[in-house]
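Q: Encoded as structure tokens, here's the structure I'll be asking about.
The values are calculated or read from the model by the stated rules, or taken from the named source; none is laboratory data. In this text the structure is predicted, and so the values were computed from the model without any measurement. Quick reminder, even Gly has a Cβ in these numbers, built from the backbone with ideal geometry, and neighbours come from all protein chains shown. With ligands, DNA and RNA removed, areas are computed over all heavy atoms of the protein, side chains included. Shrake-Rupley method; radii C 1.70, N 1.55, O 1.52, S 1.80 Å.
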Amino acid sequence: MRIIHAASEMYPYIKTGGLADVVGALSHALAARGHEVTVIIPGYRAVMESPLVKEARRTQELKVRLGNRELAGEIRTLAIRPGLTLQLVVREEFFDRRQLYGTGARDYDDNDARFIFFQKAVVEFMRATGGGYDILQAHDWQTGLLPLLLRNAEQRAGGTLAARTVFTVHNMIYQGVFPRSSFALTNLHESLNAMEGIEYFDQISFLKGGLMYADRVTTVSPTYAQEIQTPAHGYGLEGVLQLRSRGADAVRGIRNGIDTAVWNPAADKLLPAHFAAEKLSGKAVCRTALLQQMGWPEPCTGPVFAIVSRMTTAKGHDLLLGVVDYLAKKNCRLIVLGSGEVKYEEALLAQAAAHPDRIAVRIGVDEALSHLTFAGADFFLMPSHTEPCGLTQMYAQIYGTLPLASRVGGLIDTVRDIATHGEKGTGLMFRPELNDFVKALGSALKLYSNQARYAAVQQSAMRQDFSWESVVGQYEQLYNA
Ligand code: ADP
């Protein structure tokens, strides 16, 4: 099949979260199955300056109409591997900036123009390359209008650019909502600037566009597919989703995989030692290295808890702050890596300053330290209030680090609770509230004090198959259905 993925991020070229990991790994997995795969992303400054794309060649000049302006851009092309090509949409005005979506404090004011330009450039690229794609898969709000823009372009020019469109929701929280006046930039018929179209509480929503107009809608885990049809997780769009689900084309939940070329404790280049379920000595080396890097040279007899995550309320940093005092009194360590909302960064740094012998906090995005943390910790904390799929709990399990995960979304689909599965379990689960979280921490401390039982659960966790190879067939089925 000829498949084109349009997204705002792709690992290893540009990443702020799990979306990048998924687009990177899924496209490789599809290419490995013999499909002809194109991924198209914006040519952000960080991408254009990356040594990874220095071989990219200018292949197309394009013109895009945005309201009554006609804007020029270009396409740069990079062959990644047989069957997989990266296309970059370049326009300095929009993408030659320090960040992807905004300064830490607020989103860029022209994100509407930036991402409408990007999406129209994708359509233009598809037209210029002759169309005839089997699938256009669009990811998250930054590409939510694509199914609509694509069909609109086909109608105007005649012919088919893509036989079928798929829209994948990686997170319902981020919706791409803009003032109604932004609609003019789409050049779509004014009748779509209405409740039956992409209007959303007197604004417009890119995400709603994807949910309404794609031929198929998917999300990244079976449980999240159910949850987003309820008010608690639908963020105002549950009604739109319920409408779809009543038809034959229900929202499909396909759990994310993990890129085993990047996440494999037996071959991970970022670790000081390697290990596997049947040979764990390397994990102890990683643990010591991690403790030393945190400024704790002496051995630690209690468990090392860790969290690697964007610092937001959705990820449960409110709950994390709530348990710090409890952990500071126990024989254990807590390592926090992440960045995000300033209030959480500051509060966690203050906790580390108050308990330097127990708690270490590193603010920032640090790929190497994240790998060492997954490898060296004993338990991984994931107190999310909502979690579409989550990747880090899967990385943790494969690295023999047992997740303490809240009972929501994709965490339910990827962690087996020892409370119900005993030694066949792979982690501990709790309701995302303080009391239950503390109880789970207590159970984790108890489990760790019984090393034989801890090791048995660790084996169950490490022996799971979360690879993309194990799920890519579900996308093929969807593409063919
Ligand atoms: P989300 O996409 O909601 O942020 P996921 O669990 O799906 O959550 O993916 C998060 C990805 O970002 C993982 O690959 C994780 O390792 C990575 N990550 C998050 N914070 C950091 C950080 N501070 N340093 C390095 N990697 C990080």
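Q: For the range 384-406, which residues satisfy the criterion of being over 20 Å from His170 (Cα atoms) and either in a strand (DSSP E or B) or in contact with a Cys (Cβ under 9 Å, 6 or more places away or on another chain) (or both)?
A: Selection gives Tyr399, Leu402, Pro403, Leu404.
Q: Looking only at the range 61-105, count every residue that is over 18 Å from Ile40 (Cα atoms), acidic (Asp, Glu) and not in a strand (DSSP E or B) and tell me the total. Spell out how you get there, then give the answer.
A: Narrowing the range 61-105 to residues over 18 Å from Ile40 (Cα atoms): 65-71, 93, 97-99, 102-105.
The next check asks that each one be acidic (Asp, Glu); those that pass are 70, 93.
Keeping just the survivors that are not in a strand (DSSP E or B) gives 93.
Final tally of qualifying residues: 1.
Q: In the set Gly102, Gly43, which member is surrounded by fewer than 18 Cβ atoms within 10 Å (Cβ to Cβ), under 17 Å from Ile116 (Cβ atoms), under 24 Å from the mean Cα position of the chain (by Cα) and not charged (D, E, K, R)?
A: On the way: Gly43 fails: surrounded by fewer than 18 Cβ atoms within 10 Å (Cβ to Cβ).
Within the list Gly102, Gly43, the selection yields Gly102.
Q: Determine which member of the set Gly18, Gly73, Gly43 is in contact with a Phe, Trp or Tyr (Cβ under 6 Å, 6 or more places away or on another chain) and either of a type outside the set (A, V, I, L, M, F, W, C) or within 16 Å of the ligand (Cβ to nearest atom) (or both). It would help to see each step written out before you state the result.
A: Working: Gly18 fails: in contact with a Phe, Trp or Tyr (Cβ under 6 Å, 6 or more places away or on another chain); Gly73 fails: in contact with a Phe, Trp or Tyr (Cβ under 6 Å, 6 or more places away or on another chain).
Selected residue: Gly43, the only one of Gly18, Gly73, Gly43 that is in contact with a Phe, Trp or Tyr (Cβ under 6 Å, 6 or more places away or on another chain) and either of a type outside the set (A, V, I, L, M, F, W, C) or within 16 Å of the ligand (Cβ to nearest atom) (or both).
Q: Residue by residue through the range 283-308, note down the ones that are of a type outside the set (Asp, Glu) and without any contact (Cβ under 8 Å) to a residue 40 or more places away in the chain. Spell out how you get there, then give the answer.
A: Going through the range 283-308, the residues of a type outside the set (Asp, Glu) turn out to be 283-297, 299-308.
Answer for the range 283-308, where residues must be of a type outside the set (Asp, Glu) and without any contact (Cβ under 8 Å) to a residue 40 or more places away in the chain: Ala284, Val285, Gln292, Pro297, Pro299, Cys300, Thr301.
Q: Which condition breaks for Thr312 when tested against (1) more than 8 Å from the ligand (Cβ to nearest atom); (2) within 19 Å of Gly295 (Cα to Cα)?
A: Answer for Thr312: the failing condition is (2).
Q: Assigned by TED's automatic domain parsing to the domain that holds Leu381 and away from the ligand (no atom under 16 Å from the Cβ): does that describe Gly422?
A: Values: assigned by TED's automatic domain parsing to the domain that holds Leu381: yes; away from the ligand (no atom under 16 Å from the Cβ): yes.
Taking the combined requirement at face value, the residue satisfies it.
Q: What pairs come up if the first residue lies in the range 9-26 and is within 14 Å of Val262 (Cβ to Cβ) and assigned by TED's automatic domain parsing to the domain that holds Ala138, the second is assigned to a loop (DSSP other than H, G, I, E, B) and more than 10 Å from the ligand (Cβ to nearest atom), and their beta carbons are under 6 Å apart, counting only those six or more places apart or on different chains?
A: As it stands, the answer is Val23/Ala7, since those pairs meet every condition given.
Q: Looking at the range 25-40, can you tell me whether even one residue there is closer than 16 Å to Tyr174 by Cβ and within 12 Å of the ligand (Cβ to nearest atom)? If you could, list the steps in order and put the result at the bottom.
A: Initially, the range 25-40 is screened for residues closer than 16 Å to Tyr174 by Cβ, giving none.
For the range 25-40, residues closer than 16 Å to Tyr174 by Cβ and within 12 Å of the ligand (Cβ to nearest atom): absent.
Q: In addition: Taking the conditions exactly as written (under 21 Å from Arg45 (Cα atoms) and touching an Asp or Glu at 6+ places or on another chain (Cβ under 7 Å)), does Tyr108 satisfy them or not? Steps first, answer last, please.
A: Details: under 21 Å from Arg45 (Cα atoms): yes; touching an Asp or Glu at 6+ places or on another chain (Cβ under 7 Å): no.
Against the criterion (under 21 Å from Arg45 (Cα atoms) and touching an Asp or Glu at 6+ places or on another chain (Cβ under 7 Å)), Tyr108 does not qualify.
Q: Just checking, how many residues over the range 320-336 are touching a residue at least 60 places away in the same chain (Cβ under 8 Å) and within 16 Å of the ligand (Cβ to nearest atom)?
A: 1
Q: Checking Gly102 against (1) without any contact (Cβ under 8 Å) to a residue 60 or more places away in the chain; (2) among the small types (Gly, Ala, Ser); (3) over 24 Å from Ile198 (Cβ atoms), which test does it fail?
A: With (1) without any contact (Cβ under 8 Å) to a residue 60 or more places away in the chain; (2) among the small types (Gly, Ala, Ser); (3) over 24 Å from Ile198 (Cβ atoms) applied to Gly102, the lone miss is (3).
Q: Same structure, new question: Any idea which residue in the range 109-133 is surrounded by the fewest Cβ atoms within 10 Å (Cβ to Cβ), counting only those that are within 25 Å of the chain's Cα centre (by Cα) and of a type in the set (D, E, K, R)? Quick ask: steps written out before the conclusion?
A: Keep residues of the range 109-133 that are within 25 Å of the chain's Cα centre (by Cα), which gives 109-123.
Next cut, of a type in the set (D, E, K, R) only: 109-110, 112, 114, 120.
Details: Asp109: 9, Asp110: 15, Asp112: 22, Arg114: 21, Lys120: 26.
Per the criteria, the residue is Asp109.
Q: In addition: Restricting to the range 343-383, name every residue that is of a type outside the set (Gly, Ala, Ser), surrounded by fewer than 16 Cβ atoms within 10 Å (Cβ to Cβ), part of a helix (DSSP H, G or I) and away from the ligand (no atom under 15 Å from the Cβ).
A: Once the filter is applied, which keeps residues that are of a type outside the set (Gly, Ala, Ser), surrounded by fewer than 16 Cβ atoms within 10 Å (Cβ to Cβ), part of a helix (DSSP H, G or I) and away from the ligand (no atom under 15 Å from the Cβ), the range 343-383 yields Lys343, Glu346.
Q: Within the range 269-312, work out how many residues are among the hydroxyl-bearing types (Ser, Thr, Tyr) and surrounded by fewer than 16 Cβ atoms within 10 Å (Cβ to Cβ).
A: The initial filter retains those residues of the range 269-312 that are among the hydroxyl-bearing types (Ser, Thr, Tyr), namely 281, 288, 301, 309, 312.
From the residues that got through so far, the ones that are surrounded by fewer than 16 Cβ atoms within 10 Å (Cβ to Cβ) too are 281, 301.
Residues meeting the conditions: 2.
Q: Something else about it: Please work out which one of (1) out of contact with any Leu (no Cβ under 7 Å at 6 or more places or on another chain); (2) within 16 Å of the ligand (Cβ to nearest atom) is the condition Arg65 fails and give its number.
A: Among (1) out of contact with any Leu (no Cβ under 7 Å at 6 or more places or on another chain); (2) within 16 Å of the ligand (Cβ to nearest atom), the lone unmet condition for Arg65 is (2).
Q: Here's something else I'd like to know. Within the range 261-268, can one find any residue that is among the charged types (D, E, K, R) and open to solvent by 10 Å² or more (accessible area, probe 1.4 Å)? Full working, then the answer.
A: To start, the set of residues in the range 261-268 that are among the charged types (D, E, K, R) comprises 268.
When the remaining residues are screened for being open to solvent by 10 Å² or more (accessible area, probe 1.4 Å), the result is none.
Looking through the range 261-268, none of the residues is among the charged types (D, E, K, R) and open to solvent by 10 Å² or more (accessible area, probe 1.4 Å).
Q: Mind telling me which of the residues Gly158, Gly197 ends up being surrounded by fewer than 22 Cβ atoms within 10 Å (Cβ to Cβ) and at positive phi?
A: Being surrounded by fewer than 22 Cβ atoms within 10 Å (Cβ to Cβ) and at positive phi holds for just one of Gly158, Gly197, which is Gly158.
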